[in-house]
Amino acid sequence: MNTPMDPRRLFDLSGRVALVTGAGRGIGARTAAVLAGRGARVAVNDLSLDRARTVAKSVGDAGDDAIAVTADVTDLASVTSMVQEVVERLGPVDILVNNAGVPASGFAMKEFTATERQDWDPYISINVYGVLNCTHSVVGSMVERGWGRVITIISDSARAGERLMAAYAASKAAAAGFSRALAKEVGRAGVTCNCISLGWVPHDAVDLGSDDVKHALRNYAVKRPGRPDDVAAAAVWLASTEASWVTGQTVPVNGGYVMT
Ligand SMILES: NC(=O)c1ccc[n+]([C@@H]2O[C@H](COP(=O)([O-])OP(=O)(O)OC[C@H]3O[C@@H](n4cnc5c(N)ncnc54)[C@H](O)[C@@H]3O)[C@@H](O)[C@H]2O)c1
């Protein structure tokens, strides 16, 4: 018989090792800090080692445990060597947050007919290959050890459809399909794979133009844009032992924009 959970230790991540990609700023930075605050030892990845170091230092200054690691998630060799470093310094990765991604506004916001192959590549490279590379580098060990969490950040634009974001939507929908398929392969080993689907989450590095603010306020049931904390809280839940029966799902953190 299962021991009932202790509500005073709910969502405790002590003893877990987490890797958060693209965590040098924004949503990833906050998610890394909050996972560490719940007790995980966190590897803060970013393409920019300086940014990763700044985040890891502020986590350390708050009394929690984090290291900075760099890798380009689009490059499997770079990811493999980063994961080796994490294993050596912290131990095997229990929780992967696939957060690194190109925001829709990162590249061309154009009608699809006005885009070219070169406009699509960054989305597919980072939002699809990045997720596959990082997941492949850690999930075998999770299966062997009988516990793991793979959490991938996607976007409501992949679920609702948004103008000027077709290639971005394609990349995020691909990541969601990957997550569901993998969930069926690894669930029996105690590894869960879920996505968090976001509405607009402005932060220091991703500004919302006034048109986007109006759009958010018109379409969201909760009349504010998202905050990195909204995302981090969902990640803590999905990363926890208590979420062990939740897999293959997409959890919307979107102010009630898309409701299915
Ligand atoms: N902010 C939003 O409104 C919003 C909405 C929907 C989905 N998302 C998704 O949430 C995630 C985080 O968004 P954000 O707004 O914090 O992004 P951001 O652009 O502010 O930060 C992304 C970080 O990832 C890093 N990065 C980029 N390419 C990388 C690579 N190849 N390897 C390693 N690191 C890399 C960047 O250096 C940056 O620090 C992304 O997947 C994004 O698509 C964001």
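The values are calculated or read from the model by the stated rules, or taken from the named source; none is laboratory data. What you are looking at is a predicted structure, and each value in this text was computed from that prediction instead of being measured. When we count neighbours, we look across all protein chains shown, and the Cβ atoms used for this are built from the backbone with ideal geometry, even at glycine. For the accessible areas, the whole protein counts, side chains as well, though only heavy atoms, and no ligand, DNA or RNA atoms are used. Shrake-Rupley method; radii C 1.70, N 1.55, O 1.52, S 1.80 Å.
What the table below lists for this structure:
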quantity: Helical mean residue ellipticity (222 nm; -39500 (n - 2.57) per DSSP H run of 4+; nearest 500) of the chain; calculated: -13000 deg cm²/dmol
quantity: Size of electric dipole in the chain: Cβ of Lys, Arg +1 and of Asp, Glu -1, about Cα centre, debye, nearest 20; calculated: 620 debye
quantity: Accessible surface of the chain, 1.4 Å probe, proportion on carbon and sulfur as whole %; calculated: 54 percent
quantity: Per-peptide average of other Cβ atoms within 10 Å, ordering 170-182, 110-122, 6-18, 22-34 highest first; calculated: 22-34, 170-182, 6-18, 110-122
quantity: At least 27 Å along the helix axis (C-alpha) and Kyte average at least -1.0, DSSP helices within the chain; calculated: 166-186
quantity: Options Ala71, Ala40, Leu10, ranked by Cα towards positive dipole end of region 1-83, top entry (Cβ charges); calculated: Leu10
quantity: Under 11 Å, Cβ to Cβ, from Ile95 - net charge with Lys/Arg +1 and Asp/Glu -1; calculated: +3
